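Input: a single structure, listed below in structure tokens.
Since every read-out is calculated from the coordinates, none of them should be taken as a lab result. On a predicted model such as this, the values are computed, not experimentally measured, just so you know. Cβ atoms come from the backbone with ideal geometry, glycine included; neighbour counts cover every protein chain shown.
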Amino acid sequence: MRVVVVGSGPAGLYAAITASSYAKVKLIEKDEKLGGTCVLYGCIPSKAMLHPGAIAYQLGRLGKKVEFSFEDAKKLAKDAINRLSKGVEATLESYSVEVVHGLASLSSGKINVGGQSMEADSVVLALGTEKPNLKGTIASDDIPYLDGQFNVVGLIGGGVGGVEYGWLFKTLGKEVHIFEKENKLLPYLDDDLRSEVTKYFQRLGVKLHLGDLAKVDEKKVLFGNETVNVDLVVFTFGRRPSLKGFDGMFSSWIKTDERMYTGVGSIYAAGDVTGSFTAHEAIHKGIIAGKNAVGIKEKYVGEMVPKVIYTEPQIAYVGKMEGQCVRVNMTENPRAIAEKETEGFVKVCQKEGRITGAVAFSERAEEIVTIASALSKMPLSEAKEFFAPHPSYLESLWEALRRLQP
């Protein structure tokens, strides 16, 4: 059996190595380096750049001051990009996946790359997304490759991207302005979370411009009656599906069923091009697409997927905040008090005896919300029985569960 995977991001990587146990797999990547947006422009470089800021933040809570420059952070990002990209290459080689570089297209049932045709019994499209391209702005993809000759940054959008990159630039010594049309940061998320994060950013000294639409005029941002001069404008939302080569078949986000099947021929799709925007969702969709591409019928279950914003404190959320909800502030947590990390809270909701959602704005928020997600698969009465180490940040989750009434 022959399977062709298009794209080497998390979805493409895991689709390829999953299918390789049952078929001969070729992976096509349009870029010179492997890894897709996650490795080359997004998840990996951003986390590398955020890390020195996290260290500086934690030391600052203990009364010590350390500073990192944008160039320091950028070097960490480039090192991480190169290492992880080579890691993707080595992983594919270890699974005997053949890698072909070039722009893929599909016609007459065959995949075409650089004038060559490949026959395939099934195809997995892991095409990813394209950054927004608005005049006078850059996107998050460009940040790891910037020179450091700028001081004032304007971020259009106060959602996940605006918050994470706003925190990054602030910790690296830049003057940061966030422009958001809603009256709080993080639109559409839990209102307690939005309120606390908005106040926290104001205390950090990030200049928030809320409740109106922003217009960009070269190095000026017009917001209501304000005109803000900036050195750099980052547009933080508005990614589009990357469909070049397949735009005759698909006009927007590729829709699939639970098996990641597109309904067209023997074509499956996975990752961001299907409308999900985290690498961990892409990985799991890639695995399901890879299995179904070789005839193993399995469904993707995308409920209760945790999402994380890697500021300090971290911000994490999962599910729907509906039903009975309980909030536990970090000022109640012994470990947080001991380590002077009392910013934030944990909030958990239940309905009909099961966890429906959770948010955490705290140290170790990603772990707290990930555990909440796992516990949502069992009745609340059983979830309450989990043991949290003492003292630990996880105790705030345990305490919230203890206070919930089934």
inquiry  = As a test, work out the antiparallel percent of DSSP beta bridges whose residues both lie in segment 140-235, rounded to the nearest 5.
reply    = 40
Expected 222 nm ellipticity per residue - DSSP helices of 4 or more, -39500 (n - 2.57), all of the chain, to 500 = -10000 deg cm²/dmol
note = Under the Karplus relation with 6.51, -1.76 and 1.60 and θ = phi - 60°, whole-Hz ³J(HN,Hα) for segment 329-346, x at Gly and Pro, equal 6, 5, 5, 8, 8, x, 5, 4, 5, 4, 9, 6, 10, 8, 5, x, 6, 10
key: Alpha carbon centroid spacing (whole Å) that separates segment 142-162 from segment 163-189   = 10
note = In whole Hz, the Karplus estimates of ³J(HN,Hα) for segment 215-222 (6.51, -1.76, 1.60; θ = phi - 60°; x where Gly or Pro) are 10, 9, 10, 6, 9, 10, 10, 9
task = With unit charges on the beta carbon (Lys/Arg positive, Asp/Glu negative), name the residue among ILE44, PRO10, ILE55 whose Cα is farthest towards the positive pole of the charge dipole of segment 1-59.
result = PRO10
query = So what's the gap between the Cα centers of segment 342-388 and segment 1-53, to the nearest angstrom?
reply = 31
ask   = Once amide H atoms are built 1.01 Å from N in the peptide plane, which residues 5 or more positions from ILE28, or in another chain, come under 5 Å H to H?
value = VAL5, VAL6, GLY7, VAL100
ask   = Of THR18, THR198, how do they rank once you tally other Cβ atoms within 10 Å and put the fewest first?
value = THR198, THR18
message = For a quick check, take a GNM of the chain with Cα springs below 10 Å and name the residue from LYS86, LYS110, LYS65 with the largest mean-square fluctuation.
response = LYS65
Furthest towards positive pole of dipole, VAL124, THR91, GLY136, structure part segment 23-144, Cβ charges = GLY136
task = Taking the Cα centre of the chain as origin, work out the dipole magnitude from +1 charges on Lys and Arg Cβ and -1 charges on Asp and Glu Cβ, in debye rounded to 20.
result = 220
inquiry  = Looking at the chain only, what percent of DSSP beta bridges run antiparallel? Nearest 5 please.
reply    = 55
task = Mind computing the radius of gyration and Dmax over the alpha-carbon atoms of the chain? Å is fine for both.
result = 22.5, 66
ask   = Assigning unit charges at the beta carbon (Lys, Arg +1; Asp, Glu -1) and nothing else, what dipole magnitude in debye, to the nearest 20, does segment 140-235 show about its Cα centre?
value = 280
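Take VAL348, VAL176, VAL99 and order them by how many other Cβ atoms sit within 10 Å, fewest up front.
In increasing order of surrounding Cβ atoms, one gets VAL99, VAL176, VAL348.
Could you put GLU175, GLU180 in order, starting from the residue whose Cβ has the fewest other Cβ atoms within 10 Å?
In order of increasing Cβ crowding within 10 Å: GLU175, GLU180.
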request  = State the Kirkwood hydrodynamic radius of segment 140-235 in Å, one decimal place, computed from all pairs of distinct Cα atoms.
outcome  = 13.4
ask   = Build a GNM of the chain with springs between Cα atoms under 10 Å: which of GLY154, GLY60, GLY35 gets the top mean-square fluctuation?
value = GLY60
query = Between LYS199 and GLU332, what is the label-to-label distance in nm when each label sits 7 Å out along the Cα-to-Cβ direction?
reply = 1.6
ask   = How big is D, in µm² s⁻¹, for segment 216-366 by Stokes-Einstein at 20 °C and 1.002 mPa s if Rh is the Kirkwood radius over C-alpha pairs?
value = 111
